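Encoded as structure tokens, the structure appears first; notes follow it.
The values are calculated or read from the model by the stated rules, or taken from the named source; none is laboratory data. For clarity, every value in this text was computed on a predicted model and none was experimentally measured. All Cβ positions, glycine included, derive from the backbone under ideal geometry; neighbour counts span all protein chains shown. Keep in mind that these areas ignore ligands, DNA and RNA; they rest on the heavy atoms of the full protein, side chains included. Shrake-Rupley method; radii C 1.70, N 1.55, O 1.52, S 1.80 Å.
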Amino acid sequence: MDASKPAKKVKDVVEAAAAKVSEALGDRIPGAPGSRTPGVEEPTTPQGPPPPKSEQDAPETVTPTGAPTGAPKVSKSQQGDYLTTSQGARLRDTDHSLKAGPRGPILLQDHHFREKITHFDHERIPERVVHARGAGAHGTFTAYGTASSVTKAGFLAKGKETQVFVRFSTVLGSRGSADTVRDTRGFATKFYTDEGTFDLVGNNIPVFFIQDAIKFPDIVHAAKWHPDREIPQAQSAHDTFWDFVSLHTEAQHHTMWNMSDRGIPRSYRHMEGFGVHTFRLINEAGETALAKFHFKPKLGVHSLDWEEAQIAAGVDPDFHRRDLYDAIEAGAFPEWELGLQIFPDTPEETFAGIDLLDPTKIVPEELAPVQPVGKLVLTGVPTNFHAEVEQVAFHLGHLPPGIDVTNDPLLQGRLFSYLDTQLSRLGGPNFMQIPVNRPHAPVNDMLRDGLHQHAVHGGVAPYRPNSLDGGNPFTTDDGFLDIPVRVAEAPKVRANPASFDDHYSQVRLFWRSMTPVEKEHIIRAYTFELGKCYEQAIKERQVACLANIDPVLCEQVATGLGLPVPAPTVPFEDEIEPSPALSQVGGEYPPDGRLIGIVVDPAAGLDGVAEARSAIFSAGMVPLVIAPHGGVVDGVPVQRTFATARSIEFDAILLAGAPAPAPDAAPARDAKAGADSSPLVDPRVTLLVDEAWRHAKAIAAWGAGADVLAQAGISGTPGVISADSATAALTELQPLLAKHRVWHRFPATVA
């Protein structure tokens, strides 16, 4: 084609712009969809499958029986330059069915069509009943050696590195639901230890709704959508949930955590993880102890504002999984410290008067400090989401020597339920042979046959004792030990111990441990959730439960609902001491992976923008330039436009200019532009700043950017900075970022 023709000119301009963006961007801003940069034209020269992206990882290449193959991880992915059938036969065409003439019916003999469509028809597996919506990542766990006095578990030996796969999830929603709903989050970690797999299957909340696993169907049926309409999706703000928890008051403690900011985490990187249950440990000397597992995030515990969460659910329903994967790609590897609360293994199985077998109770960290035993770092995103995140199977019965279960009735029921679930979800008893589930220890289990059996077992005697296989496999004295705990003589009953009957004292502990701003958020959550219920009786019943927790909480929620304030029916324990460890407010944390939005005005120049981007990168954060249009502005790549940016994505906003309305700032094209026909600043920038201010985020400006603060009417308010330069603005901004939000911008109305 002649270079003077329009199509050729357009192609040259587009490719030159793409090259300029690529050169300016480098590999520093996360989000590239593939490992190869595409051209405008469809490729015609055969080439092999693309290599993994730099941030991707995959399951180890071990055999179904745990032997390392030595093969690279990519050996499990597709091979060759050409399209084939599943049996490797190359194909000439995959765009047209085999028909009896161009206009005729499809022929039954079209084996390629039948293979392609049959596999497509079965691409999806049944989603999890709970925890259907999730994301996962690969990483490593490095032990400090500080747990050796209480457990002989080899992966906790000093300096020992163990590969892990972690899956985060919401509980209530379907796979297609939003990430940022108010809900409990799963925090499940698969440790591929050389003594067998250890699955620590926990949540971001240390207590659960129920004390006995027999109530699992009840709480899930109540919390899920209503069965007649299958709405609302991924929400607890409806009648059946509040009907259950107001009647089954052991659920009040977990419900309080859910109504707090813990129910809407800022990201998976900002979540604590809890093993929920009490486990029994045994050391090399045969001594036992009881323990609870905790994951503490390096970045601190941090949450979304409720309005932020609602906006994110619509603007970016993948908010949490995107944050996780972008952080890994940017090199801001999510990190947690694993710790143990240790308790004496007494016959009563209590500590400080708290029943350690009650999963609706915590032991305050002030009474039993969390002792760090190792560090978890996530470094690789999945290569294939279905093969890894969807097919990973956790089970509380996957335990290494040195760690055992207790008689917690919720834990006992989970030991059955998780295994039973995998059989139906993953098509049979051999789900552990799926690559992400394969142990990294030798396997000789005498389990044979079944659907999806990938191992080719030798020998003739998969039983014990045998002589035909030389007695193989043998048992050993240093294997997993079911710790011989004495079971008290007692009648068979359907009952809980009396210590399980206290349903309110720890709920009061949580409430009293909150700062005023956190209490405001809890009041707002209860008022909103109960306000969405239809039945007045359910609202009144739950408000009566709140009366047994705290009079201020009860009065504020009742007022918001237009209900009378009931009197408590359970006596208060005024001597309860708050637990500061339960609050999210007050600490200072590193800036790793924070997203800083930089608003620029191309018409006025980008003074200080390159300097700010460089400083943000150097601090371990990610700058995202926001401009009227995409592409490159003065050599700086644009990641967001006024049309695509929304405040919920950013941890802080930098204003490098006061851009006039862009050509697309018209309500007919972008509703965010509003109805003002003659604004001085693009109304979408004003909206961005206004939202960030309402959500207590730090905002800084220099030069003409200060005009935006003035137009928004927020100049001089707490956490809003006007500086002389980009460097000065960023210097003042960083201490505010360390505290997550500028909560003192909005004084609380409750103490």
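Note the full-extension length gain between E287 and E573 as 0.36 nm times their separation in residues minus their Cα-Cα distance, in nm to one decimal. Please list the in-between numbers first.
Numbers: separation 286, 0.36 × 286 = 102.96 nm, distance 3.65 nm.
Residue separation times 0.36 nm, minus the Cα-Cα distance, leaves 99.3 nm.
Accessible area of the chain with a 1.4 Å probe: how many percent of it is carbon plus sulfur?
On the way: 19140 of 34580 Å².
Roughly 55 percent of what the probe reaches on the chain is carbon or sulfur.
Loop only per DSSP, at most 12 neighbouring Cβ atoms within 10 Å: give me the GluC sites (Glu not before Pro) in region 114-151, ordered by residue number.
E123
Taking N as the number of residues in region 502-557, what value does Rg over Cα atoms divided by 2.2 N^0.38 Å take?
Details: Rg = 11.3 Å, N = 56, 2.2 N^0.38 = 10.2 Å.
So region 502-557 has a normalised radius of gyration of 1.11.
Taking the Cβ of P105 as the centre, find all other residues whose Cβ is under 15 Å away and add up their charges (Lys, Arg: +1; Asp, Glu: -1).
Here the charged neighbours net out to +2.
Can you list the trypsin sites (Lys or Arg not before Pro) in region 469-567 that are in a DSSP coil and have 12 or fewer other beta carbons within 10 angstrom?
Working: sites: R486, K492, R494, R508, R512, K519, R524, K532, K539, R541; in loops: R486, K492, R494, K532.
Hits after loop and neighbour filter: R486, K492, R494.
Could you please report the charge total around R128, scoring K, R as +1 and D, E as -1 over all other residues with beta-carbon less than 11 angstrom from its beta-carbon? Mind showing how you got there, number by number?
Numbers: positive: R133, R167, R175, R425; negative: E127, E390.
Charge balance near R128 sits at +2.
Once you've got the Cα coordinates, tell me which of K76/K298; K53/K375; K361/K739; K53/K298; K158/K292 are over 23 Å apart.
Pairs exceeding 23 Å: K76/K298; K53/K375; K361/K739; K53/K298.
In nm, to one decimal, how far is the V565 label point from the T142 one, both placed 7 Å along Cα→Cβ?
5.4 nm
Give, in nm to one decimal, the length gained when the segment between S75 and V552 is fully stretched (0.36 nm per residue of separation minus the Cα-Cα distance).
Values: separation 477, 0.36 × 477 = 171.72 nm, distance 6.15 nm.
Length gained, S75 through V552: 165.6 nm.
Whole number please: convex hull volume per residue of the Cα set in region 246-304, in Å³? Kindly include the intermediate steps, with their values, before the conclusion.
Working: hull volume 5.8 nm³, N = 59.
Cα convex hull per residue, to the nearest whole number: 98 Å³.
Counting only C-alpha contacts under 8 Å and six or more residues apart, can you give the relative contact order of region 558-625 as a whole percent?
Worked out over region 558-625, it gives 32 percent.
Quote the accessible area belonging to E555 in square angstrom, nearest 10, computed with a 1.4 Å probe and with ligands, DNA and RNA left uncounted.
70 Å²
Report the net charge of residues surrounding P718, where surrounding means a beta-carbon distance below 15 angstrom and charges are Lys +1, Arg +1, Asp -1, Glu -1. List each step's numbers first, then the result.
Working: positive: R694, K697, K739, R741, R745; negative: E732.
Result for the local shell: +4.
Could you please put Y526, Y144, Y504 in sequence from largest to smallest accessible area, using a 1.4 Å probe?
Working: Y526 0, Y144 80, Y504 20 Å².
Heavy-atom accessible area, descending, gives Y144, Y504, Y526.
Order the following by accessible area, largest value first: V436, V493. Probe radius 1.4 Å; ligands, DNA and RNA are ignored. Could you put the intermediate results ahead of the total?
On the way: V436 0, V493 105 Å².
Result of the area sort, largest leading: V493, V436.
Rounded to the nearest whole Å², what accessible area per residue is found for the chain with the 1.4 Å probe? Could you put the intermediate results ahead of the total?
On the way: 34580 Å² over 751 residues.
On a per-residue basis, 46 Å².
Give a quick list of trypsin sites (Lys or Arg not before Pro) in region 610-714 that DSSP marks as loop, anything other than H, G, I, E or B, with at most 16 other Cβ atoms within 10 Å. Spell out each step's value before the answer.
Details: sites: R613, R640, R646, R669, K672, R684, R694, K697; in loops: R646, R669, K697.
Passing sites in region 610-714 are R669.
To one decimal place, what Kirkwood hydrodynamic radius in Å is obtained for the chain from all pairs of distinct Cα atoms?
Every distinct Cα pair counted, the radius reaches 29.0 Å.
What number, rounded to the nearest 500 deg cm²/dmol, is the helix-based mean residue ellipticity at 222 nm of the chain, given -39500 (n - 2.57) per DSSP H run of at least four residues and division by all its residues?
Only helices count here, giving -7500 deg cm²/dmol.
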